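Just so you know, all these numbers are worked out from the coordinates, no wet-lab data involved. Everything numeric here is computed off the predicted structure, so don't read it as measured data. Here the Cβ is made from the backbone with ideal geometry for all residues, glycine too, and neighbour counts use every protein chain on show.
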Amino acid sequence: MRFRAECFGVTSTLQFGNPGATASSLTKNADGSAKALNGYTEITSASGERQFRFALKLTF
């Protein structure tokens, strides 16, 4: 009998998604300064959960 265990992401280190890259959603004031980013350069997702796998193999 063989038992096997694997785990990934034990330290729970987050892996952030790419930031928003649509510059056309940027709203500017009359003087050219940024009024509202509207998602431009914002990171809205992250992943990196813990995963565990267990296996049991029986040979005879």
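Assorted remarks:
- Taking each residue as 0.36 nm, the span from Glu6 to Ser47 lengthens on full extension beyond its C-alpha to C-alpha distance by 12.9 nm.
- Selection from Pro19, Cys7, Ile43 lying farthest towards where the dipole of the range 1-59 points positive, charges on Cβ: Cys7
- Dividing the radius of gyration of the alpha carbons in the chain by their Kirkwood radius gives 1.46 for Rg/Rh.
- In this Cβ point-charge picture (+1 for Lys and Arg, -1 for Asp and Glu), the chain has a dipole of about 440 debye about its Cα centre.
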